[in-house]
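What follows is a short report on a single structure.
Quick note: the coordinates plus some simple rules give every number you see, no bench work behind them. As the structure is a computational prediction, the values presented were derived from the model and not from experiment. Here Cβ is always computed from backbone atoms with ideal geometry, including for glycine, and neighbour counts include all displayed protein chains.
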Amino acid sequence: MKTIIIVDDNITFLNVIKEQIEKKFDCFLIKTFNNPLEALKELNKEFHLLIIDWEMSFLDGKKFLTYAESIGVPFHKIIIISSKDALELHKHFQLGRVLSVINKSDPLQMDALFMILENISCI
C-alpha cells in the first residue's frame, strides 16, 4: 500500500477526503492529521504523497512546507490545498516548488487531485 499523509485543521474535510479516496482507491493507506505537529513526526517515515492545507491556525502550511523541504521531502510528493483561489495560491509558489496547488472548494480542482492520485495509485 502507498501512504498518503493529509494535514488539515478541518476535521470534517479530513474525514470527507479520506472517505472519498478510500472509496475510489484500494491501494492507499490514508493518514490524516488535524494537528500539524503530530504530522511532522510522520515525515521521517516512508510515504508517497503529502497533502498540506495552506491555512491552518496552529502551524500554517507555509511553515509546515518549509520544514518538509528542509528535511528533504521532494517537491513531487507535496500538494498544497487551500480554500483560496488557485490563481492566488500560485503567487506564493515558484514553478516546481510543489507538485500541485489545489483549491479544495472547487470541484474541478478536486478532480485534478484525483487525477494525480490515479497516476500514482497501485503502480
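Observations on the structure shown:
- Within the range 69-96, residues that are without any contact (Cβ under 8 Å) to a residue 24 or more places away in the chain and assigned to a loop (DSSP other than H, G, I, E, B) have Cβ atoms under 8 Å from residues that are of a type in the set (S, T, N, Q) and surrounded by 14 or more Cβ atoms within 10 Å (Cβ to Cβ) in these pairs: Asp85/Asn103, counting only partners at least 6 apart in sequence or on another chain.
- Restricting attention to the range 15-64 and to residues that are acidic (Asp, Glu) and surrounded by 14 or more Cβ atoms within 10 Å (Cβ to Cβ), the residue that is farthest from Gln109 (Cα to Cα) turns out to be Glu42.
- When the range 97-123 is filtered for residues that are surrounded by 14 or more Cβ atoms within 10 Å (Cβ to Cβ), part of a loop (DSSP other than H, G, I, E, B) and hydrophobic (A, V, I, L, M, F, W, C), the ones remaining, listed by number, are Val98, Leu99.
- Boolean, Lys84 is surrounded by fewer than 17 Cβ atoms within 10 Å (Cβ to Cβ) and not hydroxyl-bearing (Ser, Thr, Tyr): no
- Residue in the range 87-105 that is among the aromatic types (Phe, Trp, Tyr) and farther than 14 Å from Ile21 by Cα present: yes
This table checks each residue for (1) touching a helix residue (DSSP H, G or I) at 6+ places or on another chain (Cβ under 7 Å); (2) within 17 Å of Ile120 (Cα to Cα).
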position	(1), (2)
Ile11	no, no
Lys24	yes, yes
Phe28	yes, yes
Asn34	yes, no
Met56	yes, no
Leu65	no, no
Pro74	no, yes
Ile81	no, no
Lys84	no, no
